[in-house]
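To start, the structure itself, in structure tokens.
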Amino acid sequence: MPESNRDRESPMDEESIDMDAPTVTLTDEAGLTLTCYIEHSLEVEEQEYVLLLPVDSPVEIFAWQEDGEEDEAVLVEDDEELDLVFTTAKAVLEEQNLTLKRTAVVLTVEGDLPEFVEDEEEWAGVESDSQDEQEELQLLASFYHEDQEYAIYAPLDPFFILARMDEEGQPHLLSPEELKKIEPMLPMIEDQLFDELD
């Protein structure tokens with residue numbers, strides 16, 4: 001379910017993020033942009049790679065679907081469905097002084113997220129299809145569109161994006177081939193990053 005070039009395994013205290021860190025703007029194939037902090041960089045075979053953290057808070061929209069006796073939250077990844085519900089989701093979040101944005105890689109919100117309270121009603125453990133783990137999320141809002149219930153969640157763990165830097169200092173999303181080449185380095189990158197934050 002998550003993008004293959006994301007890493008969310010280690011939680012990070014928001015206060016530990018250096019807000020003075022340099023920022024870059026990531027652009028995807030559709031022309032959407034995402035402004036990110038550069039959290040870490042490394043060189044592999046004379047190519048610079050960076051670990052990016054979005055400046056605004058990433059959010060995900062889930063659709064609630066019946067699955068036997070229990071309801072299941074399914075991540076909305078289809079662009080057409082996102083287009084249909086985006087206006088309603090944006091209006092619902094504006095009630096909390098949050099501005100929903102269509103950004104590259106992931107939806108984001110501008111504004112201060114409500115303080116997280118550990119309550120079963122306020123978080124969900126969503127199982128990833130690609131990894132045998134659960135992603136913890138904070139519920140921001142729920143809404144309906146054409147009798148379908150949706151929920152907007154913010155990941156509790158940091159949302160990292162791995163990118164390649166070009167000669168002009170601009171970041172690019174990795175191709176599947178590039179990701180495969182650098183994937184063995186990901187544990188080392190994470191270890192170095194959190195050593196620096198300790």
Restricting to segment 165-190, count the residues that are assigned to a helix (DSSP H, G or I) and either surrounded by 13 or more Cβ atoms within 10 Å (Cβ to Cβ) or not assigned by TED's automatic domain parsing to the domain that holds Gln47 (or both).
9
Any idea which of (1) of a type in the set (Asp, Glu); (2) under 18 Å from Tyr144 (Cβ atoms); (3) under 13 Å from the mean Cα position of the chain (by Cα) is the one Asp71 doesn't satisfy?
(3)
Scanning segment 106-141 for residues that are β-branched (Val, Ile, Thr) and modelled with pLDDT under 95, which turns out nearest to Asp71 (Cα to Cα)?
Val126
List pairs: first residue in segment 82-98 and without any contact (Cβ under 8 Å) to a residue 24 or more places away in the chain, second residue among the charged types (D, E, K, R) anywhere in the structure, Cβ distance under 9 angstrom, at least six positions apart or on different chains.
Asp83/Arg102; Phe86/Arg102; Lys90/Lys101; Asn97/Asp112
Can you tell me how many residues within segment 38-68 are among the small types (Gly, Ala, Ser), more than 19 Å from Leu186 (Cβ to Cβ) and surrounded by 13 or more Cβ atoms within 10 Å (Cβ to Cβ)?
2
Of the numbered conditions (1) within 27 Å of Leu179 (Cβ to Cβ); (2) of a type in the set (A, V, I, L, M); (3) outside the structural domain of Asp112 (by TED's automatic domain parsing); (4) modelled with pLDDT under 95, Leu34 satisfies every one except a single condition; which is it?
(4)
Total residues in segment 45-61, condition more than 17 Å from Val105 (Cβ to Cβ) and not in a loop (DSSP other than H, G, I, E, B):
2
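The values are calculated or read from the model by the stated rules, or taken from the named source; none is laboratory data. What you see is a predicted model, and the numbers here were worked out from it, not measured in a lab. Because the Cβ atoms are built from the backbone with ideal geometry, glycine has one as well, and the counts that use them run over all protein chains shown.
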